[in-house]
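A.B. asks: Have a look at this one.
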Amino acid sequence: MRSLNRFRLITFDVTNTLLQFRSTPGKQYGEIGALFGARCDNNELAKNFKANWYKMNRDYPNFGRDTNPQMEWQQWWRKLIAGTFSESGSAIPDEKLHNFTSHLIELYKTSICWQPCNGSVELLQHIRKDLKPDKCKVGVIANFDPRLPVLLQNTKLDQYLDFAVNSYEVKAEKPNALIFHKAMEKAGLKDLKPEECLHIGDGPTTDYLAAKELGWHSALVHQKSYAYLVKKYGEDIDRDHVFPSLYDFHKKISDDAVVW
């Protein structure tokens, strides 16, 4: 992995880069809802979860952190969960809502809901083995609420990481430059330069282009074709820096087939 030796900081996104859901939120919500007497069609739950996710991010960005007055992140999730079930035809009674949402919030801190993405653990292991910790720091930059550190512990990824930065605590979501600057600070490396940093994620805008805009190197983990990505996001996406999974990224790096 000689091509990684040039970097002093390597960071990853979390969702659909290092970790992915074991089952869809629709299925998971359906199973937990049934325990509380809220029975819904899982397909309806999936559709309404997605709709509420986009609505909440539009109306209350960064899990409520960027709204005025500020919304606590737990309240943000309660509002999303309540809306998802209500629109799926089985509203959660007020007297059950707090316990129900708290149960889901806690559950999504664990490996019951999350599993490593294809190749993520193996890549982290190799980075830790091949790159000296005093020369290269490894971290996470994620649009995530404050559960992130506990989730990384529960999924045992924390052992490979030096730090994790989440958008709620930094008060800035990717693609905002502030969250990337915070990661450089957290790395604690003297005179660290943007060109010595590599960010890997699945978001064409929030990860790949955002990092590139700041002078970082970046890699995109995405299963859409290169033609699709260029058509939608522009020609600043380098074909040689797009990979279907971290497994593929790791293989190319191991073969020294990636040029930065």
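The values are calculated or read from the model by the stated rules, or taken from the named source; none is laboratory data. None of the values given here were measured: they were computed from a predicted structure. Cβ placement follows ideal geometry from the backbone for every residue including glycine, while neighbour counts extend to all protein chains displayed.
A.B. asks: (1) surrounded by fewer than 20 Cβ atoms within 10 Å (Cβ to Cβ); (2) assigned to a helix (DSSP H, G or I): which one isn't true of Asn118, the others all being true?
C.D. replies: (2)
A.B. asks: Do we have His103 as assigned to a helix (DSSP H, G or I), in the same structural domain as Trp77 (by TED's automatic domain parsing) and surrounded by fewer than 21 Cβ atoms within 10 Å (Cβ to Cβ) here? Break it down stepwise before answering.
C.D. replies: Working: assigned to a helix (DSSP H, G or I): yes; in the same structural domain as Trp77 (by TED's automatic domain parsing): yes; surrounded by fewer than 21 Cβ atoms within 10 Å (Cβ to Cβ): yes.
So His103 passes the test.
A.B. asks: Inspect all residues belonging to segment 179-194 and state whether any of them is farther than 23 Å from Lys135 by Cα and touching a residue at least 24 places away in the same chain (Cβ under 8 Å).
C.D. replies: Initial filter on segment 179-194 (farther than 23 Å from Lys135 by Cα): none.
No, because not a single residue in segment 179-194 is farther than 23 Å from Lys135 by Cα and touching a residue at least 24 places away in the same chain (Cβ under 8 Å).
A.B. asks: Could you say which residue among Asp94, Asp130, Asp134 is of a type outside the set (Phe, Trp, Tyr), out of contact with any Ser or Thr (no Cβ under 8 Å at 6 or more places or on another chain), modelled with pLDDT under 95 and within 30 Å of Arg78 (Cα to Cα)? Before you say what the answer is, go through the steps one by one.
C.D. replies: Numbers: Asp130 fails: within 30 Å of Arg78 (Cα to Cα); Asp134 fails: within 30 Å of Arg78 (Cα to Cα).
Of Asp94, Asp130, Asp134, the one residue that is of a type outside the set (Phe, Trp, Tyr), out of contact with any Ser or Thr (no Cβ under 8 Å at 6 or more places or on another chain), modelled with pLDDT under 95 and within 30 Å of Arg78 (Cα to Cα) is Asp94.
A.B. asks: Out of the residues in segment 216-255 that are within 23 Å of Glu196 (Cα to Cα) and touching a Lys or Arg at 6+ places or on another chain (Cβ under 8 Å), which is surrounded by the fewest Cβ atoms within 10 Å (Cβ to Cβ)?
C.D. replies: Looking at residues that are within 23 Å of Glu196 (Cα to Cα) and touching a Lys or Arg at 6+ places or on another chain (Cβ under 8 Å), I get Asp236.
A.B. asks: Suppose we filter Tyr29, Tyr54 for residues that are surrounded by fewer than 15 Cβ atoms within 10 Å (Cβ to Cβ), under 22 Å from the mean Cα position of the chain (by Cα) and of a type outside the set (Val, Ile, Thr); which single one remains? Spell out the reasoning first.
C.D. replies: Values: Tyr29 fails: surrounded by fewer than 15 Cβ atoms within 10 Å (Cβ to Cβ).
Matching residue, one of Tyr29, Tyr54: Tyr54.
A.B. asks: Something else: Quick check on my filter: what residues within segment 82-100 are crowded, with 17+ Cβ neighbours inside 10 Å and among the acidic types (Asp, Glu)?
C.D. replies: Matches in segment 82-100: Glu87 only.
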